[in-house]
């Protein structure tokens with residue numbers, strides 16, 4: 001009998017590292033602009049609200065067009081290869097379009113400049129083209145994360161799944177870490193903004209090529225195991241009842257609500273963090289980026305260990321509560337004190353390890369395997385509602401509390417908003433733990449338990 005490729009420990013982990021690179025490229029581009037905010041203001045005329053709008057545009061296709069849900073359904077019906085190819089391509093196309101919108105070639109009258117100048121004249125043509133690129137990037141990026149999640153379930157179910165998800169989260173944070181540290185350096189003191197943006201876009205393009213390589217191995221695996229060679233039978237295909245069964249699961253709903261509040265307090269904060277450090281602590285752009293990078297660095301290190309803990313001990317709901325509580329504490333300290341930011345960013349990185357490492361692998365206990373893509377898609381769509389709204393709200397609060405656009409921005413109220421979101425995450429974690437204990441969903445059981 002032919003041996004399954006997934007039975008090879010070395011090959012299984014090699015696959016994880018291959019799709020992990022795709023995920024790192026995704027997060028690199030998402031966070032590539034965080035440390036460039038001040039340059040986008042000086043070079044392209046972005047206001048704080050404009051920057052918040054740019055960050056949030058990533059989430060529009062997944063929030064209002066339900067593309068993460070649709071992508072999850074497509075994934076469950078058509079499989080990993082066609083779904084992944086399509087959405088990772090959208091991700092790469094959006095990244096290249098965003099870089100083009102910020103380029104001198106475009107600003108000097110390149111293709112599309114005249115069209116973008118003809119409407120909504122209060123917004124610059126550069127901003128509008130970059131928003132369009134961000135839209136396509138978000139359209140592909142969220143579903144590509146869903147695809148990577150299903151790849152990990154396919155190759156690691158029953159085989160250190162939480163550890164694999166922990167390493168997956170670590171790859172995402174590695175992308176963020178590199179973006180926050182490399183992007184300021186690539187600008188060469190602020191003189192080469194275009195270089196930094198194009199570099200980020202090319203990283204995503206390489207990620208698309210890496211996924212094509214994965215597709216070759218995935219096809220070989222399916223041929224050897226005779227799995228997924230045909231579309232799912234009519235009985236197994238997506239039905240509206242699948243969505244209903246997912247959304248009537250109490251534990252799933254509490255995890256989804258915790259997800260949107262926790263991530264809304266984390267990702268939008270990271271988008272503003274380098275500028276926050278620059279203004280409150282009077283640090284340089286490079287140092288601000290390095291301090292912000294402590295969060296993904298701590299997360300990349302800690303998350304695999306939390307994954308091992310969840311695999312063996314369980315307590316996923318409890319772990320999520322601790323992570324949310326730590327996030328609240330850090331944001332309150334940021335807002336109300338001048339405590340050294342480097343220590344707080346490391347603690348925030350620990351919080352960002354606790355919640356994702358326990359949250360994402362818990363899904364396999366709550367839904368059927370044929371619903372995995374749909375369940376993750378619904379989760380990411382709900383999450384994107386917060387990732388769309390709160391960056392805009394953060395920018396509006398920042399402009400409103402700093403009339404006249406002073407040289408040093410006061411971030412107190414903006415950071416307090418993130419603390420309130422974290423508190424709601426803590427509440428939903430508590431409700432998840434109560435629900436799990438009352439109804440026996442098994443969220444707090446060890447992941448590898450029979």
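Values in this text are rule-based calculations from the coordinates and carry no lab data. Since this is a predicted model, take the numbers as computed values, not measurements. When we count neighbours, we look across all protein chains shown, and the Cβ atoms used for this are built from the backbone with ideal geometry, even at glycine.
The table below gives the values:
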| item | result |
| --- | --- |
| 0 to 90° range, to nearest 10: angle between helix 294-312 axis and the chain longest Cα axis | 10 |
| Burial ranking of peptide ranges 258-265, 215-222 (average Cβ count within 10 Å, highest at the top) | 258-265, 215-222 |
| Neighbour-count ranking [beta-carbon atoms within 10 angstrom, fewest first] of 388, 13 | 13, 388 |
| Protection proxy ranking of 14-21, 66-73 - average other beta-carbon atoms within 10 Å, highest first | 66-73, 14-21 |
| Inter-part distance where region 312-345 and region 166-208 are each reduced to a Cα centre, Å | 26 |
| Cα long-axis angle, helix 125-156 against the chain (0 to 90 degrees, to the nearest 10) | 20 |
| Relative contact order, percent, the chain [alpha-carbon distance under 8 Å, six or more residues apart] | 28 |
| Over region 240-289, volume per residue of the alpha carbon convex hull, in Å³ | 84 |
| For region 75-108 and region 260-299, distance of Cα centres in Å | 26 |
| Spin-label pair residue 217/residue 11, simplified geometry with 7 Å Cα→Cβ offset, distance in nm | 1.0 |
| Likely footprinting exposure, 168, 368, 315, fewest C-beta neighbours within 10 Å first | 368, 315, 168 |
| Structure-based [θ]222 nm, the chain - -39500 (n - 2.57) summed over DSSP H runs of at least 4, per residue, nearest 500 | -25500 deg cm²/dmol |
| Ranking of 44, 354 by count of other Cβ atoms within 10 Å, fewest first | 44, 354 |
